[in-house]
C-alpha cells in the first residue's frame, strides 16, 4: 500500500524543498479571527490522498462498530431464545454449519472474530496514515513559521523573547498537528457515527431513540457554554508554559555569567516562580475542564436507566426481545461515546485555537524589511555609501538618529565614534538594511538600498563584530558560513590571512574540529580571527567592523589588527570604535552625538578642533590639558 508521506528534504540541502513549508502564509487563512478551519485546510491539502485513505478506514471501523452488537443478539434471541433470525440475517440459515443452534452459535462467534479483525486492520491503517499526515503537517507548519521568523526585521526580536518563540515552534505546532491530523477526522467520524446510531436506534425502537435525541441538544448546549472558559484557561496555561521555556533558555544560554556571579539560586528561583504559576494555571484550567465528563456521564446514566426501565416493561409484555434491548443499549452507549468525544473535543479545539492564535501572531507580523517586486541585483559595486537626512527611532518617543548626513567614498576607511547612545551601531545597521530609516535615504553607488534585492545587497557586505558568533559545527563550516561554496583551499588561505591557521592546526582534528556552542571552547582572540577569516572568504567589497578588538588583550589585538589590515585592503570599510587608537589612521572619522554628525575629519584635524573627538581622545589617552578639561567636564564619558 502506498504511503502518503513524502521524502524528507536532504540534510545537505541549503533550503527545504517542500512548497508547503516555504510558501508565504495565506492571508485569508491566517487572518485574525479566521478560526481553525482555513489554516487546517491549507495545511492538509497536500496530503489529500492520505486523508482519503484514513477517512475510508475510519468508515470501515465505524461500520464494524455498528455491526458489533448483532452477534450477541443472535445468541440471545436465536440460540438461547426461540426467535427467528431477522429477514436481513436469514442468509445465515443457508450456511452448512448453521444447521442447528450450536452451528448458529459458531457462526455468531466467527462473526465476532471477523468484525474484530476487519476493525483492527482498518484501525491500523487509520492510525498509521493519521500519524504520517500529522507529522508532515507539523513539519510544514514548523518550517513556515521559521521561514517567516527568518525574514522579520531585527526590531521584532528586540521586543520578543526567544523562549516564547521556541515554545510556539515546538509545543504549539504539535498541538495544531494533533488537531489537523486526528481531531479533524475524529470529529467527522463522530458525527457520522451519531447519524448511523440514530438511524439504527429509530429502526429498532423509535420512542427509545427519542430519549437520546431529546437529551443531546441540551448536552451540546452545555458544552458550548464552557467553550470560552476552556479556551481562556488553556491560553493562560500555554502562556505560563512559554515563560518556563524562556527562563530555561535564558539561564542555560548565560550559564557562564550565572556561575561567574554565583547567581544559580536566583535562576532557580525564577524557574520556580514560572513553574509555580504554570501549575496554578493548569489546575485552574483543570477545574473548568473537569466539569464536562461528570455531566456527560450523568446524562448517559439517566438515559440508560430510562431505557432499562422501559425496555424491561416491553420484554415482559412480549413487545421486545432481550436481544433487541441488548443491541439498543449497546447503541445507546456507543451513541453517547461520540457525543462525549465531541464534548471532550472542546478542550482539544481550545488548545488548537490557542496554538493557532500564537502561530498567527507570528505569521501576521509584518515587521519585515520590504523588498520591491522589481528589486534588482547590485551586481559589481564600487562601494560608495551615502546617508541623506537619516532619522530613526526604535521607540517613536525616543529618536536615536535625528538628521544624519554621511558620505563614504569607494575604498575609503571611515571610523565612527561618539558617546554611548549616539547612534553608532544604528547607522551601521542601516547599511545592510537590518532596519530601514524612519525618514531619509541610504544609497549605494547612487541607488537607494530599497531598490536592491535584500539577499543580493547583503552579499556585498562583510562583517566582523565585537563578539563573533560561532555555530555548533566544525571550524571549516564556521569559516565558510557566509559562503557555503568556498573550497578547502579558500578556507585555509583565509585562515592564514586571518592569523588563525596556526592555532587551528594545533586543534585535535584541525579544520574539522567541532566548535562548542557559540564558540565557548575558544578564546576571544581566536573567535575574532575565525570571524575575520569568515569575512575574507565572503570577499565582499564593503566591510563593517563593530569594535572588533574591544575585548581582546594586547597580544590578541595585535594579531587581529594585522589580520584586519589584510582584510581591509581595497574595500570600503566602516568601523565602529570605542577604542580610538584602532581608527587613528582612518581616512575619515565621524563623530556622532545626540543623533547627528557632530564632527568629521581626520584624526589630526579633529584634535585640532578641540571638540567632542578631542575630549574623548584626551580622556582615553590620559593627556588632558587645560583646554580639554572644561570640555571633558561638560560632555558625557565615552562608552
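To the nearest 0.05, how large is the calculated FRET efficiency for residue 135 and residue 398 if R₀ is 51 Å and r is the Cβ-Cβ distance?
So, using R0 = 51 Å, E works out to roughly 0.65.
What is the gain in length, in nm to one decimal, between residue 382 and residue 120 on full extension, counting 0.36 nm per residue of separation less the C-alpha to C-alpha distance?
Going from the current span to full extension adds 87.3 nm.
Please give the length that would be gained between residue 310 and residue 265 if that part of the chain were fully extended, namely 0.36 nm times their separation in residues minus their C-alpha to C-alpha distance (nm, one decimal).
Stretched fully, the residue 310-residue 265 segment lengthens by 9.5 nm.
Over segment 575-618, what is the relative contact order in percent, taking alpha-carbon pairs closer than 8 angstrom and at least six residues apart?
27 percent.
Hey, fewest Cβ within 10 Å first, where do 191, 332 land in order?
Exposure proxy ranking, most exposed first: 191, 332.
In nm, give the distance between the simple-model label positions of residue 368 and residue 565, each being 7 Å from the Cα along the Cα-to-Cβ direction.
4.6 nm
At what distance in nm do the modelled label points of residue 581 and residue 322 sit from each other, each positioned 7 Å from its Cα along Cα→Cβ?
Roughly 10.3 nm, to one decimal.
Tell me, what is the FRET efficiency for residue 375 and residue 610 to the nearest 0.05, using R0 = 35 angstrom and their Cβ-Cβ distance as r?
Efficiency computed from Cβ-Cβ geometry: 0.15.
Pull out the extension gain between residue 489 and residue 151, defined as 0.36 nm times the separation in residues minus the alpha carbon to alpha carbon distance; nm, one decimal.
118.4 nm
I need the calculated FRET efficiency for the pair residue 434 and residue 255, taking r as the beta carbon distance and R₀ as 25 Å, to the nearest 0.05.
Given R0 = 25 Å and the Cβ-Cβ separation, E is 0.35.
No value in this document is a laboratory result; all are computed from the given coordinates. Everything numeric here is computed off the predicted structure, so don't read it as measured data. Virtual Cβ from ideal backbone geometry, glycine too; neighbours counted across all protein chains shown.
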